[in-house]
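The structure under discussion appears below in the form of structure tokens.
The values are calculated or read from the model by the stated rules, or taken from the named source; none is laboratory data. Remember, it's a predicted structure, so these values are computed and weren't measured experimentally. Because the Cβ atoms are built from the backbone with ideal geometry, glycine has one as well, and the counts that use them run over all protein chains shown.
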Amino acid sequence: MATVQSIDRAFGLLAALARQPGGISELARKVDLPTSTVARLLATLEGCGAVERDPDGTGYRIGPSIVTMATSVDPTQSLLAVAQSHMRELVDMVAEAVGLAIPAGYEVHYVGQIDCANPVQVRDWTGTSLPMHVVPSGLAILAHWPEAAVDRFLARPLDRYTPNSMVDPERLRERLAQIRSDGFVWALEEFSEGINSVAAPLFNSTGAVIGALHSHGPSYRFPQEPLRDIIAGRVSAAAVAVSESLGHLA
């Protein structure tokens, strides 16, 4: 039990140092431990490179071994690991499949999905890439790109996939502005007839858009019109929760 407690305390220290470097006394206050205990833990963590001294020697910061481990993690897998619990909760709330997507050039790439219990549902799009302008995940990401990047995207020929696909650049500019205002976007049979979807953007600790969370289902049942705003709100709230877990402050 003592070993488990030590691990728990060590992770608490590392979490505090990840937020802000500090000295022994300051860290002891933050993690609510005696200074002697914090000093012993820091000495052990310093010995294995998990923490290191500040250049002036007055405090501690995250060390090279933690940095090396962090940079070796696949960013997509890291994002999925953070998002999965929120995705499961969202599936339970909206009763439809929930997916995660990231930008891949001028396309959006689906990297994960959690299915709902309904026997009739939309296929799993994991591993598929689609043009940003015809799916809500892509639109949610595109809405938060720099203006110059959006200009380059809209200067290209945009393919129409269904009669509902929006391909006019000026209409798309207006739509992107609305997405930034609303925090979400619906796409009703714009990529494929019979499929509706709603998405909200995901942000990292620097405020950059890094992906989108979406829910999709057959158009005959999703969304039921009285629940449309409720579903959009829940998708938005889940996306905010994932972003906060990544260190984003709204």
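Considering only residues of segment 216-247 that are under 18 Å from the mean Cα position of the chain (by Cα) and polar (S, T, N, Q), which is farthest from TRP125 (Cα to Cα)?
Only one residue fits best here, namely SER245.
If I filter segment 50-60 down to residues being of a type outside the set (D, E, K, R) and modelled with pLDDT of 85 or more, which single residue comes out as surrounded by the most Cβ atoms within 10 Å (Cβ to Cβ)?
Initially, segment 50-60 is screened for residues of a type outside the set (D, E, K, R), giving 50-51, 55, 57-60.
Right, trim to modelled with pLDDT of 85 or more and you get 50-51, 59-60.
Details: ALA50: 22, VAL51: 26, GLY59: 19, TYR60: 24.
Among residues in segment 50-60 that are of a type outside the set (D, E, K, R) and modelled with pLDDT of 85 or more, the one surrounded by the most Cβ atoms within 10 Å (Cβ to Cβ) is VAL51.
Is one or more of the residues making up segment 172-185 buried (at least 21 other Cβ atoms within 10 Å of the Cβ), part of a strand (DSSP E or B) and assigned by TED's automatic domain parsing to the domain that holds LEU80?
Checked against the condition, which is being buried (at least 21 other Cβ atoms within 10 Å of the Cβ), part of a strand (DSSP E or B) and assigned by TED's automatic domain parsing to the domain that holds LEU80, segment 172-185 yields at least one hit.
When ALA232 is evaluated against the numbered criteria (1) touching a Ser or Thr at 6+ places or on another chain (Cβ under 9 Å); (2) without any contact (Cβ under 8 Å) to a residue 60 or more places away in the chain; (3) farther than 24 Å from SER78 by Cα, which criterion, by number, is the only one it fails?
(1)
Residues of segment 30-49 being surrounded by 13 or more Cβ atoms within 10 Å (Cβ to Cβ) and more than 14 Å from SER6 (Cβ to Cβ), which ones?
Across segment 30-49, the qualifying residues are LYS30, THR35, GLU46, GLY49.
Determine, yes or no, whether VAL111 is surrounded by 14 or more Cβ atoms within 10 Å (Cβ to Cβ), over 29 Å from ILE231 (Cα atoms), of a type in the set (A, V, I, L, M) and modelled with pLDDT of 80 or more. Explain how you work it out, then say what you get.
On the way: surrounded by 14 or more Cβ atoms within 10 Å (Cβ to Cβ): yes; over 29 Å from ILE231 (Cα atoms): no; of a type in the set (A, V, I, L, M): yes; modelled with pLDDT of 80 or more: yes.
Judged against the criteria, VAL111 is not a match.
In segment 194-240, what residues are surrounded by fewer than 21 Cβ atoms within 10 Å (Cβ to Cβ), farther than 19 Å from ASP92 by Cβ and among the small types (Gly, Ala, Ser)?
GLY194, SER205, GLY207, ALA208, SER219
Filter segment 8-47 for residues that are among the hydrophobic types (A, V, I, L, M, F, W, C) and farther than 23 Å from GLY247 by Cβ and give the result. Steps first, please.
Keep residues of segment 8-47 that are among the hydrophobic types (A, V, I, L, M, F, W, C), which gives 10-11, 13-18, 24, 27-28, 31, 33, 38-39, 41-43, 45.
Correct list: ILE24, ALA28, LEU33, VAL38, ALA39, LEU41, LEU42, ALA43.
Working only within segment 25-54, note down all residues that are among the aliphatic types (A, V, I, L, M) and touching a residue at least 24 places away in the same chain (Cβ under 8 Å). Outline the logic, then answer.
Of all residues in segment 25-54, those among the aliphatic types (A, V, I, L, M) come to 27-28, 31, 33, 38-39, 41-43, 45, 50-51.
Across segment 25-54, the qualifying residues are LEU27, LEU33, VAL38, LEU41, LEU42, LEU45, ALA50, VAL51.
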